[in-house]
1. Would you mind calculating the gained length between Glu102 and Asp2 on full extension (0.36 nm times residue separation, minus the Cα-Cα distance), in nm to one decimal?
2. For Ala76 and Gln25, compute 0.36 nm times the residue count separating them, minus their Cα-Cα distance, and round to one decimal in nm.
3. Below 8 Å, C-alpha to C-alpha, sequence gap of six or more: please give me the relative contact order for the stretch 4-244 in percent.
4. Using only Cα atoms, locate the centre of the stretch 25-54 and the centre of the stretch 75-122, then give the distance between them in Å, rounded to an integer.
5. Got a number for carbon plus sulfur as a percent of the stretch 4-244's accessible area, 1.4 Å probe?
6. Any idea how many Lys pairs in the chain come in under 27 angstrom at the alpha carbon, given 8 or more places apart or on separate chains?
7. Could you put Leu44, Leu197 in order of accessible surface area, largest first, with the 1.4 Å probe and the full protein assembly present?
8. For Met1, what accessible area in Å² do you get when you roll a 1.4 Å probe over the heavy atoms of the protein chains, rounding to the nearest 10?
Amino acid sequence: MDKVIVITGGSRGIGAATALLAAQQGYRICINYLTDEPAALRVLEQVRGLGAVAIAIRADVSIEDEVIRLFNRVDAELGPVTALVNNAGTVGQKSRLDEMSEFRILKTLKTNTLGPILCAKHAVRRMSPRHGGQGGNIVNVSSAAARLGSPNEYVDYAASKGALDTFTLGLSKELAGEGIRVNAVRPGYIYTEFHALSGDADRVSKLESAIPMGRGGRAEEVAEAIVWLLSDKASYATGTFIDLAGGR
Ligand code: NAP
């Protein structure tokens, strides 16, 4: 069976690093993105350079019609998905709860919680033997924030990832008898462009002294754990969380 991976938010950071590793492991790859087409096309060129069959698809993971179109195109151009990495995520400007707008809170919850749930729904419709599938793997990219709560920064983001953790647990049990494993990674401070969204592009280097290992993480270090969880080497792991936070 061909290995077909959908990586949401694959145009940058942790998603892009995961796409490059997946390319080296023989996956056919769908790189999803929201706005930055040139970045997605750069990753596409890199994974094709490694010999992978790959496509890039723009879709907002928080809108079900767009998710449906995404998976239909993957069916037609790569074959049915066997691995889903729910990586797309967003965060608002650093602030207290009493200063957050409803729009910002909804965007955070829709992107980080609803999006992975919708993508998992449409992946399961292809993976589950109940729908004629042959099993598969899902990895949700959560955050250390789910454990720590992110007070005075973005409690809405932390809550969106906490809900994702609960979803990971429940879905892993729901699908354990159907050959579908569901796991999560919880990165800490990782050097990506993500932190510019919260208003401080240099956030990770400024916070390094608060990290027990004394440094921020690299996207590739998170991607390694994601790809391991997707692999047969992790064949007895489901409902599992790998913390990649340098000891935080
Ligand atoms: P990033 O560099 O900002 O990349 C985010 C990706 O998500 C981009 O490809 C972006 O696409 C895409 N995206 C955002 N909203 C989307 C939507 N509604 N639909 C589809 N794609 C969407 O972030 P990153 O640091 O690699 O983070 C990846 C994941 O790791 C996120 O879930 C984040 O919460 C989590 N995480 C990151 C850190 C960290 O320190 N970096 C720590 C803990 C957890 P466009 O560029 O096209 O807009």
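The values are calculated or read from the model by the stated rules, or taken from the named source; none is laboratory data. If you're wondering where the values come from, they're calculated on a predicted model, not measured in any experiment. Cβ sites come from the backbone with ideal geometry, for glycine too, and all protein chains shown count toward neighbours. Heads up: the accessible areas ignore ligands, DNA and RNA and are worked out on the full protein's heavy atoms, side chains in. Shrake-Rupley method; radii C 1.70, N 1.55, O 1.52, S 1.80 Å.
1. Roughly 31.7 nm would be gained on extension.
2. Numbers: separation 51, 0.36 × 51 = 18.36 nm, distance 2.17 nm.
That pair, Ala76 and Gln25, stretches by 16.2 nm at full extension.
3. 20
4. Each part's Cα centre sits 20 Å from the other's.
5. Details: 5650 of 10860 Å².
Summing carbon and sulfur atoms, their accessible area is 52 percent of the total for the stretch 4-244.
6. The result is 20.
7. Leu197, Leu44
8. 150
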